[in-house]
Amino acid sequence: MRNMTRNTQKGHKAKKSLGQNFLVDPNIARWMVENAGLNEDDVVLEVGPGKGMLTKEILASQCRFLHVIEIDKTLAPFLEPIVKTSKHRMSVIWGDVLTINLKELSPPPTKVLANIPYNITTPLIWQILEHLVPLGTRELLLMLQLELAQRLCAKPKTKDRSPIGITIEKMGKAQIVKKVTPNVFWPTPKVESAIVHIIIDKDLKLASDHSWRRLLRVAFARRRKTLANNLACVYDFFKDKDKTSKLLDYLKLPTTVRAEELTVDDWHHLYDFISKID
Ligand code: SAM
């Protein structure tokens, strides 16, 4: 009962399974919108508007149009009044962002702003890179769990290096722009959060390249193994130890190298080679 009181606000019970930690500090929402530099050409996608704290700030900017995608229909009493006052600058799609066809959003988003739950962050960013970037999305400003934010921005030779972080680095850049304490959310989460700014300006079709995605998935499949051992599980070329060590030597990489140690240029060269043999 105590727990329910703590998690219930204006008749709505926050759902832990949907990662519902709502922003209660308007200054953070305002900060995000100011730092997104929205102008009259921008079409924004907000994933998981919740009770609309960030939504209202986005609408107060100059942006041309706002799409919001929310899975929890019980939040309608919070979002519908915002739609009514939006002067046709906003549309709400009720559903799971991971199954909605993002390519059908019209007009296509130029920027994505969101405070998103931990469990959908990685697949959501892949969806955005794959389906929205080729249509014109160039910036993402995302509030994430700090640990995940660090993974997206991880440098080579760190344990946080990941396929998605490497892909973002090859397509542009990601940077933690603000750390956020738990007390700006309700219910208060146990972990710290961070706002990550992602800019995409090159290799716009990379995330839909299946050879690239497969290479990274296979290379990181077992993190404690060497890169060569992981690749040998899938690519016949790497089953031949002589050929493998000649290739690694040519790429100026030691035979014992692990996936997390490669720079984005190393990945680029390895991918060039794999594309020829795959
Ligand atoms: N943006 C609001 C804020 O800052 O107060 C809410 C943020 S809350 C961390 C995450 C929101 O994402 C919730 O409203 C939740 O219902 C929604 N959500 C969770 N999973 C979703 C999914 N798969 N598709 C769309 N929305 C989702």
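A few notes on this one:
- Considering the stretch 58-71, the residues that are part of a strand (DSSP E or B) and within 21 Å of TRP31 (Cα to Cα) include one that is nearest to the ligand (Cβ to nearest atom), namely VAL68.
- Test: residue in the stretch 234-246 that is in contact (Cβ under 8 Å) with a residue 60 or more places away in the chain and either within 30 Å of CYS63 (Cβ to Cβ) or outside any helix (DSSP H, G or I) (or both): no
- Complete set of residues in the stretch 17-35 that are charged (D, E, K, R) and either assigned to a loop (DSSP other than H, G, I, E, B) or modelled with pLDDT under 95 (or both): ASP25
- Residues in the stretch 152-167 that are of a type in the set (D, E, K, R) and either surrounded by 20 or more Cβ atoms within 10 Å (Cβ to Cβ) or under 19 Å from GLY48 (Cβ atoms) (or both): ARG161 alone.
- THR55 being within 14 Å of the ligand (Cβ to nearest atom), without any contact (Cβ under 8 Å) to a residue 40 or more places away in the chain, in contact with a Pro (Cβ under 9 Å, 6 or more places away or on another chain) and of a type in the set (S, T, N, Q): yes
- Residues (of a type in the set (Asp, Glu) and near the ligand (Cβ under 8 Å from one of its atoms)) located in the stretch 72-110: ASP72, ASP96
- Test: LEU45 is more than 12 Å from the ligand (Cβ to nearest atom) and part of a strand (DSSP E or B): no
- Taking the stretch 82-110 as the range and being part of a helix (DSSP H, G or I), touching a strand residue (DSSP E or B) at 6+ places or on another chain (Cβ under 9 Å) and touching a residue at least 24 places away in the same chain (Cβ under 8 Å) as the test, the residues that pass are ILE82, LEU102.
- Odd one out for SER275 among (1) farther than 21 Å from VAL112 by Cα; (2) at pLDDT 95 or above: (2)
- Pair list, Cβ < 6 Å and 6+ apart or interchain, from the stretch 58-81 residues that are more than 12 Å from VAL92 (Cα to Cα) to residues that are among the polar types (S, T, N, Q) and more than 9 Å from the ligand (Cβ to nearest atom): LEU59/SER86; GLN62/ASN39
- So LEU113, is it at pLDDT 95 or above and either over 22 Å from ILE168 (Cα atoms) or in a helix (DSSP H, G or I) (or both): no
- Of all residues in the stretch 247-268, those being within 25 Å of the chain's Cα centre (by Cα) and either at pLDDT below 95 or in a helix (DSSP H, G or I) (or both) number 8.
- Meets criteria (under 18 Å from THR167 (Cα atoms), surrounded by 18 or more Cβ atoms within 10 Å (Cβ to Cβ), assigned by TED's automatic domain parsing to the domain that holds GLY165 and within 11 Å of the ligand (Cβ to nearest atom)) for LEU113: no
- Scanning the stretch 21-35 for residues that are of a type in the set (Phe, Trp, Tyr), out of contact with any Gly (no Cβ under 7 Å at 6 or more places or on another chain) and in the same structural domain as ILE125 (by TED's automatic domain parsing) turns up at least one hit.
The values are calculated or read from the model by the stated rules, or taken from the named source; none is laboratory data. Computed from a prediction, not measured in an experiment: that's the story for all the values here. Reconstructed Cβ throughout: ideal geometry from the backbone, glycine too, with neighbour counts over all protein chains shown.
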